[in-house]
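> Sharing a structure with you now.
Readers should treat all values here as calculations from the given coordinates under stated rules, not as data from a laboratory. Because the structure is a prediction, the values reported are computed rather than measured. Virtual Cβ from ideal backbone geometry, glycine too; neighbours counted across all protein chains shown.
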Amino acid sequence: MSERPAWAERLRRERAARDWSQARAVANLQAVYSRATGKEAPSAESLLRQWKDWEAGRVTPRTWAPHIANVFGTVTDELFPPAQPVGDVGLLQEAGMDTADLIARLERSTISDATVTGVQVTVERLCTEYRYRDTRELHAEGMTWLRRMTRLLDERLTFRQHRELLSLAGRLALLVGCVEYDAGRHVAAESTRRFALDLSGEVDDRDVSGWAFEMSAWFALTSGDLHRVVAAAERGIEVAGSRGVSAQLAAQAAKAWARLGNARQVELSLERGRAVLEALPMPDNPDNHFVIDPAKWSYYEMDVHRNVGNDALATLYAQETLRAGVRPDGVERSPMRNAEARITLAVVAARAGDADAALDYGVDALAGDRRSAPSLALVAHELTQEFDRAKLTDDPRARAYAEALATFAS
């Protein structure tokens, strides 16, 4: 007999993490359906039979999928992922050239549309490599291409080419700024972020502008300026509107409200971001750092639920983050998200009195090479506080954890 589909098991785990019976889940589904459609929901008996079939994996809840996702505070494509490959973007061969050919074309006085397409594919590749590539290497190549692009803007270009290259330069500047911040170069990162914002203003690129404000919210979150996080998120959402970045801006606000202890604002911010993300199509390249991947919603919720003390949900979303972030062969697709997921599991274990699991997860979380020092330090110090509460600081693994944290969080 075959195993249940992953989405069916996820339904059961989402329900169990909230300590809901199937009848309770159905009652909540009826309420969500009525609010969303303005219609009376089917009877509880009818829906309960369907719910049992869904959790058993016997029937796919096609028309009900958005309402079920809403019940659990997530989005349809995250709970019921579409059957499409997720992975690396195509190479420059798609544009009919390799890197050397593209560089040669950039040296010419007249730039073709094919050359602009080659630059576009290169920026896409670099933004996709952010998840895993060595910080110094990515920064060096990003800066090299940014210099080439700014020189290119002085060449003879059509109006459309000039606008496209300005937008691409803005996106690449965002990437360079993120990498600088990951490496602890906060002043340089802020200057680069402002440069990206200026470029976006020249062509009214609301997507790049929104991401520039998202970076400001991220900088404020990791420095502990929680009210500035909310202000930057509100400004970014105002600029970006219904674009995907608004979902991440709302998530940053939710993280800040969670740390401020305002549960109501956490709920409102998460729903705001969820609604934006639900309305968007599945992205062609969800690995691009500046594209909102529905699978990332678990990562947002993981942080929020850890900070408000919902340990069962924090555990569920940490496990989902790791499931999406580790390939079947064990290779890490998203090492930075994975590190924070392991710290979440460590925090929950420490709260539950499982010292061995907490210490093991904590040490493992700091072992990777690709990491965002400010972001990881933010959550890593939460685990240090749990070690203190549990009086584990004398354990050799706790000392190893403290030493590893000191190497990049000083």
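> Using DSSP H assignments, which helices in the chain have an axial alpha-carbon span of 27 Å or above and a mean Kyte-Doolittle hydropathy of 1.0 or higher?
none
> Arrange the following residues from fewest to most other Cβ atoms within 10 Å of their Cβ: V331, V26.
Going from sparsest to densest Cβ surroundings: V331, V26.
> Within the set of other residues whose C-beta is less than 13 Å from the C-beta of A400, count the net charge using Lys and Arg as +1 and Asp and Glu as -1.
-3
> Would you mind telling me which residue in A275, A140, A349 has the biggest mean-square fluctuation in a Gaussian network model of the chain, where springs connect alpha carbons within a distance under 10 angstrom?
With Cα springs under 10 Å in the chain, the top fluctuation among A275, A140, A349 is at A140.
> Continuing with this model, one more query. As a test of the formula, what do you get for the chain when each DSSP H run with n ≥ 4 contributes -39,500 (n - 2.57) and the sum is divided by the residue count, at 222 nm and rounded to the nearest 500 deg cm²/dmol?
Mean residue ellipticity at 222 nm (helix-derived): -23000 deg cm²/dmol.
> Then there is this: Mind running the shape call on segment 295-410? Use the C-alpha gyration tensor, a ≥ b ≥ c as the square roots of the eigenvalues: rounded below 1.5 for a/c, prolate if a/b tops b/c, oblate otherwise.
In terms of gyration-tensor shape, oblate.
> Let me ask something else about it. Can you put I111, I343 in order, fewest other beta carbons within 10 Å first?
Result, fewest neighbours first: I111, I343.
> If you compute percent of Cα pairs over 35 Å apart for the structure shown, which of (i) 38; (ii) 32; (iii) 47 do you land on?
Checked against the structure: label (ii).
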